[in-house]
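Q: Encoded as structure tokens, here's the structure I'll be asking about.
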């Protein structure tokens, strides 16, 4: 879940829940992004439930809290999404909402490339930012199920030199309660990234930006969303498995989940077709194309790429725990209060009953959610991380959509105060 934090000197942009990867000044007016001439046009059709099962058009939710996706509701969704797109000046977005027996809504709006005006389409590959965390933590939990690691093991057992490493557990890292400083909030990191966005970073370099800062609080004392935690967990997976993290996730998570277009890049590679991404997290503060930035600076916290069909499938797999034992999945979903209306478990959140994660990194945003009682999925993929009125773009879409389809469970994500 990504949130902008502003202070006199810094802007922090999250790759995930509330704080994250990039820190630096944002110039006045840098949030203005041209939406393109196709901004109001949907690129694909909406598929509704069979006519015989669709009641008269009504926005009233059913007993499971999910509104039937009738033509009238489809029009409401179209209007709400177009409104967010125009007001927040977002280039393009892909949206999918579905629930068994309630219908399926799949649409794309706006442009995938501002230079050419090429429309956004549902088949494009996209960078998914902190949704990567759900894959990395799943990899760790698989090792827990195999008895190779314990959630209450101290990180110092696996990685040397971690502040409080003898007391911070793997569980606290996965639950964002370690107290470690977020490397992506370090000014030197920001300068290194924006001065040469194509350069590679190693996990050890990323940890170095964090470890030069004092810890923020004692282990498990507070919730603080921190990408440093995932870099450490990625190193644990590599050490215990003896396999590079990208290969382990592909072999043990992506393939068993049946995902066909999800990958963990080791460099700037980006399979076609893909949308161009736009960010103002740049050295100048001006909006630039960040499509080919090297995502190694996100690594286990945010480097992965996927597409709409895979993220729809992953939303259910993640929330229902089909790759894990029931006992381990129960621990994963045992959320701790993080923000008002929001709980965070082990690499997963629960926002008003919606289970999943969001992501944000320069140029891209994502939201991947599942509502168990309705067996509903909601996926949003977009090609900017530039916020609007203090909110992440994916949050704007998530709120607008859920106000219509689950009015009793509206996805809202408040900002986290600086610790």
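The values are calculated or read from the model by the stated rules, or taken from the named source; none is laboratory data. This structure is a prediction, so every number in the text was calculated from the model and none was measured. So basically every Cβ, Gly included, is an ideal-geometry build from the backbone, and we count neighbours across all protein chains shown.
Q: For segment 239-254, give me the residue count where each residue is without any contact (Cβ under 8 Å) to a residue 60 or more places away in the chain and either outside any helix (DSSP H, G or I) or closer than 16 Å to residue 303 by Cα (or both).
A: Adding up the residues that qualify gives 6.
Q: Kindly list the number of the only condition in (1) assigned to a helix (DSSP H, G or I); (2) in contact with a strand residue (DSSP E or B) (Cβ under 8 Å, 6 or more places away or on another chain) that fails for residue 317.
A: The one condition residue 317 does not meet is (2).
Q: Are any of the residues in segment 294-308 in contact (Cβ under 8 Å) with a residue 40 or more places away in the chain, over 24 Å from residue 178 (Cβ atoms), over 17 Å from the mean Cα position of the chain (by Cα) and not in a helix (DSSP H, G or I)?
A: Yes, segment 294-308 contains a residue that is in contact (Cβ under 8 Å) with a residue 40 or more places away in the chain, over 24 Å from residue 178 (Cβ atoms), over 17 Å from the mean Cα position of the chain (by Cα) and not in a helix (DSSP H, G or I).
Q: Now a separate question. Does any residue of segment 211-223 turn out to be outside any loop (DSSP other than H, G, I, E, B) and surrounded by fewer than 24 Cβ atoms within 10 Å (Cβ to Cβ)?
A: Yes - at least one qualifying residue is present in segment 211-223.
Yes/no per residue for (1) modelled with pLDDT under 95; (2) crowded, with 20+ Cβ neighbours inside 10 Å:
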residue: 62; (1), (2): yes, no
residue: 74; (1), (2): no, yes
residue: 91; (1), (2): no, yes
residue: 98; (1), (2): no, yes
residue: 129; (1), (2): no, yes
residue: 147; (1), (2): no, no
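Q: Give me the residue from segment 192-207 that is outside any loop (DSSP other than H, G, I, E, B) and in contact (Cβ under 8 Å) with a residue 24 or more places away in the chain and, out of that set, surrounded by the most Cβ atoms within 10 Å (Cβ to Cβ).
A: Looking at the filtered set, the residue picked out is 206.
Q: Next question, about the same structure. Of all residues in segment 100-119, which are buried (at least 21 other Cβ atoms within 10 Å of the Cβ) and not in a strand (DSSP E or B)?
A: Passing the criteria: 102, 112.
Q: Shifting gears a bit: For segment 378-399, give me each residue that is assigned to a strand (DSSP E or B) and crowded, with 24+ Cβ neighbours inside 10 Å.
A: Within segment 378-399, 378, 379, 380, 381, 382, 384 meet the criteria.
Q: Whether any residue in segment 234-244 is out of contact with any strand residue (DSSP E or B) (no Cβ under 7 Å at 6 or more places or on another chain), over 16 Å from residue 157 (Cα atoms) and either modelled with pLDDT of 95 or more or surrounded by fewer than 20 Cβ atoms within 10 Å (Cβ to Cβ) (or both) is what I want to check.
A: Yes, segment 234-244 contains at least one residue that is out of contact with any strand residue (DSSP E or B) (no Cβ under 7 Å at 6 or more places or on another chain), over 16 Å from residue 157 (Cα atoms) and either modelled with pLDDT of 95 or more or surrounded by fewer than 20 Cβ atoms within 10 Å (Cβ to Cβ) (or both).
Q: Here is a follow-up. Among the candidates 234, 150, 161, 165, single out the residue that is closer than 17 Å to residue 347 by Cβ, part of a loop (DSSP other than H, G, I, E, B) and in contact with a helix residue (DSSP H, G or I) (Cβ under 9 Å, 6 or more places away or on another chain).
A: 150
Q: Residue 317 - would you say it is within 25 Å of residue 78 (Cβ to Cβ) and buried (at least 18 other Cβ atoms within 10 Å of the Cβ)?
A: no
Q: (1) in a loop (DSSP other than H, G, I, E, B); (2) touching a residue at least 24 places away in the same chain (Cβ under 8 Å); (3) over 13 Å from residue 362 (Cα atoms): which one isn't true of residue 229, the others all being true?
A: Failed condition: (1).
Q: Among the residues of segment 353-363, are any in a loop (DSSP other than H, G, I, E, B), out of contact with any helix residue (DSSP H, G or I) (no Cβ under 7 Å at 6 or more places or on another chain) and buried (at least 24 other Cβ atoms within 10 Å of the Cβ)?
A: Taking every residue of segment 353-363 in turn, at least one turns out to be in a loop (DSSP other than H, G, I, E, B), out of contact with any helix residue (DSSP H, G or I) (no Cβ under 7 Å at 6 or more places or on another chain) and buried (at least 24 other Cβ atoms within 10 Å of the Cβ).
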